Each structure stands twice: as C-alpha cells, then as structure tokens.
Amino acid sequence: MRKSIATVSLSGSLSEKLDAVAAAGFDGVEIFENDLLASPLSPRDVRARAADLGLGIDLYQPFRDIEALPEEAFVRGLRRAEQKFAVMAELGADLLLVCSNVSPAALDDDALAAAQLRRLAERAAEHGVRIAYEALAWGRHVSTYEHAWRLVELADHPALGTCLDSFHILSRDSDPKGIERIPGEKIFFLQLADAPRMAMDVLQWSRHYRCFPGQGGFDLTRLVEHTVRAGYAGPLSLEVFNDVFRQADAGPTAVDAMRSLISLEEAARLAELPAPAIPTGVAFAELAAVDSGPVRALLGALGFTRAGRHTGKPVELWQQGGARVVVNSAGGARREGPALTALGLETADPAAAVRRAEALLAPTLPRRRAAGDAPLEAVAAPDGTELFFCRTGGDGGPCWVDDFPPVAGDGARAGGAGHTGTAAGTDRGAAAGAERPGTGAGAGVTRIDHVALPQPWHRFDEASLFYPSVLGLQPNESLDVADPYGLFRSRAVTDPAGTLRIALNVAPGPDDEGTRPQHIALATDDLAATARWARAHGAELLPIPDNYYDDLRARYDLAPERLAELRELGILYDRDPDGEFLHCYTVTVGRVFFELVQRTGGYQGYGAGNAPVRLAAQHAAGQGHRPPR
Ligand SMILES: O=C(O)c1ccc(O)c(O)c1
Ligand SMILES: [Mg+2]
C-alpha cells in the first residue's frame, strides 16, 4: 500500500524532514501545520520541493475545534477554514484532517455536530478539498472512532469521511473489529502509531510516547487487517509524537519508520518478504581493542585459549568450548576499546538472512575480508554493531574459522579450533583441541549464553524493532532496572529455542551515549567450579556486598554451605518456577565485562532482580557509569 508519514514524527526543519522522508522511500507526507508555519518556504515552494522529491502531500493537519459550536463561534471557525483551504490549494493538498472538538465551548449535540460538519464539507468541496474527521481519544464529546463515524454518516456529504488513528482507537481499548462496519470509501485516511502500554493521562501518552508499529504494545496488525477488510485503499500513514524521535537525526528515524511499515505489511499479509533465517546462537563476539593485552589476559584467566590468528590482520580467535571471542587489535574509528563491535550470528542460510535484511532496509556492510577469506555477510545494527551471518562448520565448505589458522608455538592442537564448535555448546572436544599445555580443560565455559548491548538512548526503540523484524527474534518483556545513578529499561530478544539471546538496554538520558558497559555472558554447567578456576588463574571477580547474602538467606531456603559458597565467590542467585540462575561478574576492561552464568531447569531469564546489586557493586568498584555534571 501507499506509505506516508506525518512531518511531526521527525526532527528538523520542514525541508530536512521532506528530504529524510523521500530518502527512506515514502510515497507521501502529512504536512503538520506547525512545520509549515515555522518554515521559510512558501506553500508553493513546499509543493515544488515535495514534487521534486517524488512525494505527494496526502494530508494537511490538524484543523481543530470546529463542530458542535454555537452558531457565531462556528461561523468564525468556517472563516478560519477558508484560510486553510487557500493554503492547501497552494500546497496541492486536497485532504484536511479535522480533530474532534476539545473546547469547553463544544456542545453535546450530535445533530448539531453533524450539521456543522456537513456545512464545513460543503465549503471544502467548493475548493476541491475533502474533510477527514478524527476522534481524539480526549475529545470533549467525541472520543471514539464509532462516534466520529456516526457523525460522518449523519452528515452524509461526499466530501466528508473519517480518519482512523490507531492510537486513539487502541489507547481506549476500542475494538477495531467495528471498523469493518464503515464503508471503505468513507475511511478517508488511516494514521498509525504504536505505544507502550502505560497507565497515564491519554493526551500526555499520545503527545510524548507514541512509537512506530512494532515498538510498543498495540496490536496494529489486527487493526490494519480490519481496515483493509472494510475496503480502505488509502495510505498507511505514520503519525508519531515522540520526544526522542523529535530530537534524533531525521534520516535514520525515517528509515526506522519505513521498516516498521514494511514489517507491518508483512504481518498483515499485505506484502511478502524473504522469510527470516533466524539465527540460533552467537558464533563469535568480536572485541576491538587497540591495546588488546588486558582483554587477552582476562580471556586467558577465564579459561580461553588462542585458537588461531588471522593471516592478514592483527585479529585473533580465542575459544573455549563453543564460546568464541575474536580479538581485533586493528585501530580505527570506534575502536579505541576494548569494546564489543561485532557479533557473528550462527545462521543456517546467511544469503537468505541478507536478503531479508535488505528488504527491511538494514544497512549491509562491505565484506571485511581479504582474498582467500571465507565470505561473510554482514549488516549494521542500529547502534552500529556489525552483525555477521555465519555458518560454523557442518558442510565442509569454507568456514570463517579457517581464516584463523593456529599460531606456531601455541601448543599442540588437533585441527585447530575446527568445525566441531557449535553455538549449542555440546563440544567440550573443541576446547580440549584448543588447549594450552598445562592449563587443563579450561574453566568449563561451554558457550556464549547471551550478550548485553546498551543502546544509545535515541536508538533503543529502533533496536527493539530491528532485531525482531530483520532477524526474526522474539522480543521479551521490557523491564525497568535500577542503577544507583539512574534507571535502565531492558528488553531481551531471543530465538525460539533460547540459544541466541541479546539483551538490549537503555538509560534515559542522551548524556552517556556509547559509554555504558557491554557484556558477554558465558555459560557453564558448574559456576562454582568455573569461578574458582578463573580466580585461581588471576581473573578478578566483582565483589558482592554481604547484605545481599543476608537477604538471600531470608528469601530462599538455601543450604548454609551453598549460601557460604555463593558468598565466597560473589555469585548472585535467582530462581523462578522453571529453574535456577547463578551468575557472577568479572571486572570491566574498557567498555566490556564478562558474566559467568549457570542455568538449571528451564530458567529463561537474566537475573534481572540482581541487576541493581551488580550495578551498585560496579559503582563501588569504581567501574560504574558516573552521573553527568
Ligand atoms: O495531539 C493532537 O492534538 C493531535 C493532532 C492531530 C492528530 O491527528 C492526532 O492524532 C492528535
Ligand atoms: Mg491522528
């Protein structure tokens, strides 16, 4: 379907907005009146500019507080409308959005409201303009789409139809099924916005927290399906009032917006996309560090060994069980590190994954490889993390691991890191193969359990749509986590089997972009043994305050010896009806720390209840994020 967006959804001047909208591939725009009033461009200039960019002006909005007024006030309103019709003629727009009246002067009189809407439509028709009447959720007397449609039906004028806005409909829990009772040709316009579920004043909710479809809690798919079934054939148009998007760069926001519509069309079966090739695990995590010494020392202390070195670049592969960490010591932008800059995602069909990523406007990256390297397809995630689609071994074809032959003198190693490593982590054999003489079988790490990527504050919503839509991962519930100096929002995305887990989190303010620590969580079947091994090999683990264990004893009925062991090793504990979760942390190097985790039973979470304790402990260790001055 035709795709549009309201200029209010983006930051910048009107011409910057139009450029961003066109670059993202939209067909049209809703011009928000304030954007026009604040623009040095005349309506004719705007029309020309939009035409040059291939954009239609699908709607002009909003026109307010006109219906159900005492006669004198209504006539004044009509005069205001005449001026809008003149502007619209210059703009080349023929559809005017009229919001339901919010003024205390509005009368609770449907017959009057309908008669005045009819008179407005008659005037509009004389100018070749049509009126799309929309119920604001906080309208004084008209606040539901059913009511707005009743008035349109009563007014019965060909130049009068209704505008549906998903926010107003779903924020009030109206049933969108009733849309099918409206003749499609009387639905003049459809505005789409999602929003997180919140218990707050609906006007504030609407003006500050709307987001793009798929980023909030509304079922927009169903609403679109009903609207299409009603016979609506106009644009899908995004109208998103959002405090963050208003500040963020319009270019990426417009692409995010377009991705949300493409994804919504797929969900509503209006378009077909290449199916996702859902990744099943982390093939590798790449740490960039110009001075990689501290990272390599920490990896060694955690039981990793160097499995190989790239033939053409200062890049090493470190491995333990099915956990692989690539250490990249090449310098460059964003690479002062240590920082997690790339993830290899175990993907059965990398080419299919890239086809879908391209269909959803994910920026594909030039293949970063030398002649002779195994091909690796990659896209950039919203925060810039490079995502490589990998197949680690299996079919005997070229494999990225082959680009990292063992280093002479590192010790005997049957077949190097080899192809035995799978992200599912049942391959202790690979760890044994990559052993350093005299270090035993490592610390018992089997695989990467999850990675946690703090998102720039203005990219979190985009990321929470990107991973599900582009990669086919499932978004988990959004959680709030208290930090001594702030509050995080955290949301994990996982594959259906739970073997790939990426935890996205965000702090509220723009002050700390790109500095919050990232982490890699390593799975073990025996955390106490792994922690002891790591400690004995020089790993510094994060100390946890005694108070935590006193509380733990009161909360859970843990055996005294067990509690003593947790306390001794700084292990945090969580339990739910499905199982247990034990975890502890290393100190932070650069932007990165490691977590060691043990899951038992069917525990699927991340120990979120312990996050405040961990964050406070990091602050106490001088490794927390400091508040802005
Ligand atoms: O918040 C408002 O006033 C407003 C204006 C126009 C709209 O289309 C809308 O949905 C809300
Ligand atoms: Mg609206």
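The values are calculated or read from the model by the stated rules, or taken from the named source; none is laboratory data. A quick note: this is a predicted structure, and the numbers were derived from the prediction, not measured. Quick reminder, even Gly has a Cβ in these numbers, built from the backbone with ideal geometry, and neighbours come from all protein chains shown. What goes into the accessible areas is simple: the full protein's heavy atoms, side chains included, and nothing from ligands, DNA or RNA. Shrake-Rupley method; radii C 1.70, N 1.55, O 1.52, S 1.80 Å.
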To the nearest 10 degrees, how steep is helix 43-52 against the longest Cα principal axis of the chain, on a 0 to 90 scale? 50 degrees
Just to confirm the filter: which trypsin sites (Lys or Arg not before Pro) across the stretch 206-294 are DSSP coil and have at most 11 other Cβ within 10 angstrom of their Cβ? Arg269
The long-range amide H neighbours of Leu160, using H built 1.01 Å from N in the peptide plane and a cut-off of under 5 Å, are Ile131
As a test of the formula, what do you get for the chain when each DSSP H run with n ≥ 4 contributes -39,500 (n - 2.57) and the sum is divided by the residue count, at 222 nm and rounded to the nearest 500 deg cm²/dmol? -9000 deg cm²/dmol
Classify the stretch 3-267 from the C-alpha gyration tensor, please: rounded if a/c falls under 1.5, else prolate or oblate depending on whether a/b exceeds b/c. oblate
State which stretch of the chain is the longest one without any exposed GluC sites (Glu not before Pro), exposure meaning a DSSP loop state and at most 15 other Cβ atoms within 10 Å. 1-271
Long-range HN-HN contacts of Gly216 with modeled amide H, under 5 Å: Ala195
Could you put Ser237, Ser42 in order of accessible surface area, largest first, with the 1.4 Å probe and the full protein assembly present? Ser42, Ser237
Accessible surface ranking that places the most exposed of Ile169, Ile262 first, with a 1.4 angstrom probe: Ile262, Ile169
Using alpha carbons only, how many degrees (0 to 90, rounded to 10) separate the axis of helix 560-569 from the longest principal axis of the chain? 90 degrees
Can you compute the label reach from Gln247? Point 7 Å from Cα along the Cβ direction, backbone N cut-off under 15 Å, restricted to the stretch 11-31. 11-12
For Val407 and Ala441, what is the calculated FRET efficiency with R₀ set at 22 Å and r taken between the beta-carbons, to the nearest 0.05? 0.65
Can you give me the % of accessible surface on the chain that is carbon or sulfur? Probe 1.4 Å, all protein chains present, nothing else counted. 51 percent
Which of rounded, prolate, oblate describes the chain, given a ≥ b ≥ c as roots of the alpha-carbon gyration tensor eigenvalues and a/c under 1.5 marking rounded, otherwise prolate only if a/b is larger than b/c? prolate
Which of the lysines could be linked to Lys3 by a straight reach, that is with a Cα gap under 17 Å, when you skip same-chain ones fewer than 8 residues away? Lys17
Tell me the angle of helix 220-229 to the major Cα principal axis of the chain, expressed in degrees between 0 and 90 and rounded to the nearest ten. 40 degrees
On a straight-distance basis, which lysines could pair with Lys177 in a cross-link, Cα separation under 18 angstrom, same-chain partners fewer than 8 positions away excluded? Lys186
Roughly how many Å² is the accessible area per residue of the chain, as a whole number, for a 1.4 Å probe? 38 Å²
